Amino acid sequence: MSNSVLNVLAGGSVVQPPVWMMRQAGRYLPEYRELRAKAGSFLDLCFNPEMATEVTLQPIRRFGFDAAILFSDILVIPHALGQTVTFAVGEGPQLTPLADEAAIDRLPLEVDQTILAPVYETVRRVKASLDPAVALLGFCGAPWTVATYMIAGHGTPDQAPARLFAYRHPKAFEKLIERLIVNSIEYLRRQLEAGADAVQLFDTWAGVLPPEEFSRWCVQPAARIVEGVRKQVPDARIIGFPRGAGASLVDYVDRVPVNGVSVDWMADRRLIREHVQSKVAVQGNLDPLALLAGGDALDRSVDRILGDFSSGPFIFNLGHGILPETPIAHVERMLKRVRG
Ligand code: CP3
C-alpha cells in the first residue's frame with residue numbers, strides 16, 4: 001500500500017486526503033497523561049527512546065492517522081546548545097534568557113550530538129514498528145521561533161523581547177539565527193538518515209513580523225535550511241509552517257523550495273488555493289477551537305476545508321496544535337467526516 005502523505009508531498013492527488021493532527025501525541029489522550037506521569041521531566045520523556053516511541057505511536061493506534069510525528073520538542077536544540085531549558089507544569093517552557101551579544105557568543109557553534117542521539121534512536125524505533133503506509137515525520141523549530149524562546153526565556157504573547165533584540169542588535173541576532181540554521185540542517189539531516197520520511201519546520205511565531213523582518217528572519221533562514229538539507233539528502237521532503245504569514249505565504253512558497261506548507265486557520269482559503277496550492281501541497285487548516293467545540297460547527301468547518309482544498313495536493317490537519325481539553329469523541333467525529 002502506498003504512502004498517501006508522501007504521494008501528496010510529491011504533488012500527486014489522492015482520492016481521499018490523508019489526515020494527521022499537530023500535537024496529536026499529547027495531553028488530550030489519557031494514555032499520554034498516564035505515561036507522562038511516570039516519565040519524570042518533560043525533557044526526560046523526549047530523551048527516552050522507549051517512552052518517546054510509545055507516545056509517538058499512541059495516536060496512530062487509537063485513530064489510525066496517516067502520519068506519525070516524532071515525539072520531541074523544538075526546544076531540545078537550545079538545550080543541546082547548553083542553554084538551561086525546563087518545562088514547569090502548567091507554565092510552559094522556561095529558559096535562561098540570552099541577555100546580550102556576549103551570551104550568544106558563548107553558545108557553542110555546534111550542538112552536542114550525544115544529547116540528541118536519543119531523538120534519532122526514537123526515529124529509528126518508530127520507523128521499525130510503523131506500517132509503511134503511515135508517514136513518519138521529523139521536525140525542528142524554525143530559527144526565528146526558537147530564537148524567540150532563547151531571547152525571552154519563556155513564551156510571550158507578541159515575541160516583543162526577540163523583536164526588540166533584533167532591532168537593537170541585528171548583528172548579534174544574525175549570529176544566533178546563523179547558529180540555529182547550521183544546527184537545524186544537521187538535526188534534520190540526521191532525522192532523515194534515521195528514517196523520517198519527511199520533516200516539518202515549525203515557525204509558530206512567524207506572524208508577528210513586519211514584511212521585511214519576515215523575509216529576513218523567516219523566509220531566508222527557511223530557504224537556507226531546505227537547501228542545506230537537500231544538499232545532503234537530495235530527495236528530502238520538507239513541509240514549512242510559517243504560522244500567521246497571511247498573504248506573505250505566497251512569497252514564502254516562491255522563495256523557500258518546500259514540498260508543502262502547513263496553513264493556519266486564519267488563512268484566506270481562496271488565496272491559498274489559487275496562489276499556494278497551485279505550486280506546493282497544502283496541509284491544514286481546521287481551527288483547533290472548532291475541534292474543541294465539536295457538533296455542527298466542526299462538521300461545517302471540515303466540509304468547507306475539504307470543499308476548498310481536496311481537488312489539489314492536500315493533507316487534512318489542524319491550523320495549529322490540538323488543545324489539551326479537546327474531547328476524543330470530537331477527533332473521532334472529525335476523522336469520520338474527513339474519511340467519508
Ligand atoms: O505534534 C506532536 O504531537 C509532536 C510533539 C511536539 C511537541 N511540541 C510536544 C509537546 C511538537 C511538534 C512540538 C513543537 C513545539 N514545541 C512548538 C511548535 C509548534 C507549536 O505547537 O506551536 C513550540 C512553539 C514548542 C514549544 C513548547 N513546548 C511550548 C510553548 C510548550 C508548552 C505549551 C504547552 O502546550 O504545554 C511545550 C511543551 C510540550 N511540547 C508539550 C507537548 C506534548 C506539553 C508538555 C507536557 O506534556 O508536559
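Annotations for the structure displayed:
- So Ala267, is it closer than 25 Å to Glu213 by Cα, buried (at least 21 other Cβ atoms within 10 Å of the Cβ) and touching a Cys at 6+ places or on another chain (Cβ under 9 Å): no
- Ala142 being small (Gly, Ala, Ser), within 16 Å of the ligand (Cβ to nearest atom) and surrounded by 22 or more Cβ atoms within 10 Å (Cβ to Cβ): yes
- Residue that is nearest to Phe71 (Cα to Cα) [pool: residues in segment 13-30 that are more than 22 Å from the chain's Cα centre (by Cα) and not hydroxyl-bearing (Ser, Thr, Tyr)]: Pro30
- Look at segment 196-220: where a residue is under 15 Å from Gly246 (Cβ atoms) and away from the ligand (no atom under 15 Å from the Cβ) and a partner is small (Gly, Ala, Ser) and at pLDDT 95 or above, sitting 6+ places away or on another chain with Cβ atoms under 6 Å, you get Phe214/Ser248.
- Members of segment 316-337 that are under 21 Å from Ala10 (Cα atoms) and either more than 14 Å from the ligand (Cβ to nearest atom) or in a loop (DSSP other than H, G, I, E, B) (or both): Phe316
- From Pro49, Pro59, residue being within 17 Å of the chain's Cα centre (by Cα) and farther than 16 Å from Asp197 by Cβ: Pro59
- Selection of segment 65-88 for residues being over 17 Å from the mean Cα position of the chain (by Cα) and either in contact (Cβ under 8 Å) with a residue 12 or more places away in the chain or crowded, with 19+ Cβ neighbours inside 10 Å (or both) yields His79, Ala80, Leu81, Gly82, Gln83, Thr84, Val85, Thr86, Phe87.
- Flag if Val119 is more than 16 Å from the ligand (Cβ to nearest atom) and surrounded by 15 or more Cβ atoms within 10 Å (Cβ to Cβ): no
- Failed item in (1) under 25 Å from Ser2 (Cβ atoms); (2) part of a loop (DSSP other than H, G, I, E, B); (3) near the ligand (Cβ under 9 Å from one of its atoms), with Phe65 passing the rest: (3)
- Contacts under 6 angstrom Cβ, first residue in segment 101-112 being charged (D, E, K, R), partner assigned to a helix (DSSP H, G or I), 6 or more apart: Glu101/Ala172; Asp112/Ala80
- Among the residues making up segment 1-15, a single one is in a loop (DSSP other than H, G, I, E, B) and under 19 Å from Pro59 (Cβ atoms): Asn3.
- Segment 28-55, subset polar (S, T, N, Q) and more than 10 Å from the ligand (Cβ to nearest atom), residue surrounded by the fewest Cβ atoms within 10 Å (Cβ to Cβ): Asn48
- Residue that is farthest from Ile69 (Cα to Cα), among those in segment 35-53 that are in contact (Cβ under 8 Å) with a residue 24 or more places away in the chain and not in a helix (DSSP H, G or I): Ser41
- A single entry from Val8, Val15 fulfils the requirement of being among the β-branched types (Val, Ile, Thr) and either touching a residue at least 12 places away in the same chain (Cβ under 8 Å) or within 10 Å of the ligand (Cβ to nearest atom) (or both): Val8.
- All of Glu174, Glu91, Glu178, Glu110 fail the test of being within 11 Å of the ligand (Cβ to nearest atom), of a type in the set (D, E, K, R) and surrounded by fewer than 17 Cβ atoms within 10 Å (Cβ to Cβ), apart from Glu91.
- So Gln159, is it in contact (Cβ under 8 Å) with a residue 12 or more places away in the chain and on the phi > 0 side of the Ramachandran plot: yes
- Scope segment 94-105; condition surrounded by fewer than 21 Cβ atoms within 10 Å (Cβ to Cβ), modelled with pLDDT of 95 or more and either of a type outside the set (Asp, Glu) or within 11 Å of the ligand (Cβ to nearest atom) (or both); matching residues: Gln94, Leu95, Thr96, Pro97, Ala102, Ala103
The values are calculated or read from the model by the stated rules, or taken from the named source; none is laboratory data. What you are looking at is a predicted structure, and each value in this text was computed from that prediction instead of being measured. Cβ coordinates were reconstructed from backbone atoms using ideal geometry, including for glycine residues, and neighbour counts include every protein chain displayed.
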